[in-house]
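Scroll down for the structure; my scribbles are underneath it.
The values are calculated or read from the model by the stated rules, or taken from the named source; none is laboratory data. No experiment lies behind these values; they were computed from the predicted model shown. Here the Cβ positions follow ideal geometry from the backbone for every residue, glycine too, while neighbour counts run over all protein chains shown. Note: areas computed on protein heavy atoms with side chains; ligands, DNA, RNA excluded. Shrake-Rupley method; radii C 1.70, N 1.55, O 1.52, S 1.80 Å.
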Amino acid sequence: MIAFGKKCPACNGHRLTARPRLSWLASLPTAQAYGCDECHQQIVVLFSLSVGIEHRHFVRKQLPPFFLVRIPGRTDQYARIKNISEGGLCFDQHYNAAPLPSRLLKLDLYNCNDGSSLEQLPAEIVTTTEQLLEINGLKTTVLNNCARFINLNQAQRKVLLSCLAQYGTAC
């Protein structure tokens, strides 16, 4: 994604926050690294061009709404999956939900239609952001959690890929 001027190429937002220069493009002498405060896209501004930086290695997919992520704990929590890939997933939690027990979790993918699940997927929460949404005229705060899968065994990877192939659609 590329945009002319100093703005987010994903949402055209102008609220940008400086961030460390981590990509090779940001390390160029005249480049400046930013993050969009609205959609959290990472951006590098080079002269009068804004370039979106993507760090994911796998294609994001959306699952049907009957798939949820189950977060085991004292009481199991369920959250809506925003997108998922072979490398990880993003999910939304209500703001008042119990805090996640740790940065390292074992997540379950749960199919509400037939009750099947893919259990004990080791994951690490990479980032959590708050998002203010207006739904049917009511404002609510949602926590957007992004996690990456770590050390999936061969069986977990095979079943995950099968699930993504069968139910996943491109974002």
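Any idea which residue in region 9-24 is modelled with the highest pLDDT, counting only those that are surrounded by 12 or more Cβ atoms within 10 Å (Cβ to Cβ) and either under 19 Å from residue 126 (Cα atoms) or in contact with a Leu (Cβ under 7 Å, 6 or more places away or on another chain) (or both)?
So, considering only residues that are surrounded by 12 or more Cβ atoms within 10 Å (Cβ to Cβ) and either under 19 Å from residue 126 (Cα atoms) or in contact with a Leu (Cβ under 7 Å, 6 or more places away or on another chain) (or both), the one modelled with the highest pLDDT is 19.
Counting only residues that are open to solvent by less than 30 Å² (accessible area, probe 1.4 Å) and within 30 Å of residue 12 (Cβ to Cβ), give me the strands (runs of 3 or more DSSP E) lying completely in region 46-101 with at least 1 of them.
Details: elements: 49-53, 67-71, 77-85, 88-94.
Those strands (runs of 3 or more DSSP E) span 49-53, 77-85, 88-94.
I'd like to verify a number: residues in region 153-171 that are of a type in the set (Gly, Ala, Ser) and either surrounded by 13 or more Cβ atoms within 10 Å (Cβ to Cβ) or more than 16 Å from residue 63 (Cβ to Cβ) (or both), how many?
2
Within region 106-119, track down each residue that is more than 18 Å from residue 164 (Cβ to Cβ) and over 18 Å from the mean Cα position of the chain (by Cα).
Our first condition is that a residue be more than 18 Å from residue 164 (Cβ to Cβ); within region 106-119, this holds for 106, 115.
Within region 106-119, just 115 meets the criteria.
If I filter region 134-147 for residues that are touching a residue at least 24 places away in the same chain (Cβ under 8 Å), surrounded by fewer than 10 Cβ atoms within 10 Å (Cβ to Cβ) and touching a strand residue (DSSP E or B) at 6+ places or on another chain (Cβ under 9 Å), do I get at least one hit?
Keep residues of region 134-147 that are touching a residue at least 24 places away in the same chain (Cβ under 8 Å), which gives 140-147.
Of the ones still in play, those that are also surrounded by fewer than 10 Cβ atoms within 10 Å (Cβ to Cβ) are none.
No.
Hey, can you tell me all the residues within region 25-39 that are touching a Cys at 6+ places or on another chain (Cβ under 8 Å) and at pLDDT below 80?
38, 39
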